[in-house]
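Please treat every number below as a calculation from the coordinates, not as lab data. These figures come from a predicted structure and were not determined experimentally. Positions of Cβ are generated from backbone atoms using ideal geometry, with glycine treated the same way; all protein chains shown enter the neighbour counts.
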Amino acid sequence: MTLAQDIKHKALQLGFDLVAITDASPLDSEQFEFFTDWLSLGYAARMDYMRNNLDKRTSPAKLLDSAQSVICLALNYTPPPRGESSPDVTAPMGKVANYAQYEDYHPFVKKQLRQLTDFISSIAGVDVEFKICVDSAPLAERALTARAGLGFIGKNHMLINPRFGSQLLLAEIVTTLSLPPDKPIETGCANCNKCLAACPTGALRPDGQFDANKCISYLTIEYKGDFPPDLSPKIGNHLFGCDECVLACPYNADAPVCKNKDFRFFPDRAELNLRRILDMTEDDFETEFADSPFLRLGLERLKRNAQTCLNNL
């Protein structure tokens with residue numbers, strides 16, 4: 001096998017579901033303009049970090065001197081089918097986004113990436129440098145992974161793979177190693193608008209833009225302060241995140257479930273008792289969610305979400 005094939009084989013062995021390679025060149029002008037227009041229109045809401053490091057975000061080589069390639073990877077997090085509901089059917093429950101029913105993916109994926117970079121160093125035959133990126137790095141990862149051929153960016157603004165759908169955790173390794181790039185795939189959403197129709201707040205706009213100000217995932221996870229009065233009722237019982245546009249996508253209908261047995265899944269987190277959350281202490285919260293994306297939110301905002309869900313119910 002070639003070096004690139006060895007790397008891809010090892011990535012799959014480590015539990016990733018998809019791997020492809022692109023070069024470290026900047027995004028094309030059309031993608032750059034779409035992103036800057038999105039910022040100028042105020043659709044990034046209060047996510048000020050999206051406005052920082054614009055040169056690095058749109059050019060992988062700015063993240064690592066002498067970068068030549070970007071290894072793009074994805075981990076499928078489609079959960080298994082739900083079992084029987086809790087016997088306490090009278091309790092008011094809040095929905096949790098599918099990805100948050102797993103352990104916090106940041107440390108998990110970074111550990112797998114470090115194993116992959118160690119492997120690459122051992123077989124490359126030359127000195128190689130790497131920059132590991134898992135969500136927090138300033139990198140336009142969806143555009144890069146689409147360029148590498150992992151999928152296409154759908155009308156829900158998520159990366160969609162024809163086989164695995166859009167429930168994918170993305171990661172990248174920017175490297176000084178020169179590897180042959182893969183080609184983008186030729187498919188898309190065509191005339192399907194199911195995700196737009198499913199969005200409870202209209203965050204997915206008919207003009208193709210995404211308004212984070214209205215996104216339930218943004219509001220329940222990123223947003224600080226009281227919810228805008230016109231949006232609060234539309235949050236419904238979404239306690240943490242929102243999967244409405246994801247679940248409406250036909251590409252997710254037959255997607256295989258997550259096969260990585262090392263990625264810990266907590267089926268009892270699909271729905272949480274709202275009154276129990278309102279009664280939680282800080283110690284309760286930190287103990288129960290120590291290994292979860294919930295920890296980033298904090299108890300105060302989780303209680304805000306729980307109270308809003310309870311009001312809506």
Report task. Determine whether Thr145 is among the hydroxyl-bearing types (Ser, Thr, Tyr), touching a residue at least 12 places away in the same chain (Cβ under 8 Å) and either under 29 Å from Asp48 (Cβ atoms) or outside any helix (DSSP H, G or I) (or both). Result -> yes
Query raised in the report: Within the stretch 242-250, can one find any residue that is farther than 29 Å from Met50 by Cβ, of a type in the set (D, E, K, R) and either in a loop (DSSP other than H, G, I, E, B) or under 20 Å from the mean Cα position of the chain (by Cα) (or both)?
Result: no
Requested in this report: Inspect all residues belonging to the stretch 44-61 and state whether any of them is of a type in the set (Val, Ile, Thr), in contact (Cβ under 8 Å) with a residue 12 or more places away in the chain and within 18 Å of Asp135 (Cβ to Cβ).
Outcome: yes
Query raised in the report: Among the residues of the stretch 277-300, which ones are part of a helix (DSSP H, G or I), surrounded by fewer than 18 Cβ atoms within 10 Å (Cβ to Cβ) and either in contact with a helix residue (DSSP H, G or I) (Cβ under 9 Å, 6 or more places away or on another chain) or in contact (Cβ under 8 Å) with a residue 12 or more places away in the chain (or both)?
Result: Leu278, Glu282, Asp284, Glu286, Glu288, Leu295, Arg296
Query - Residue check for Leu313: among the hydrophobic types (A, V, I, L, M, F, W, C), loosely packed, with under 14 Cβ neighbours inside 10 Å and touching a helix residue (DSSP H, G or I) at 6+ places or on another chain (Cβ under 8 Å) - result: yes
Report summary line: Of the conditions (1) among the charged types (D, E, K, R); (2) more than 30 Å from Val126 (Cα to Cα); (3) touching a helix residue (DSSP H, G or I) at 6+ places or on another chain (Cβ under 6 Å), the single one that Arg205 does not satisfy is (3)
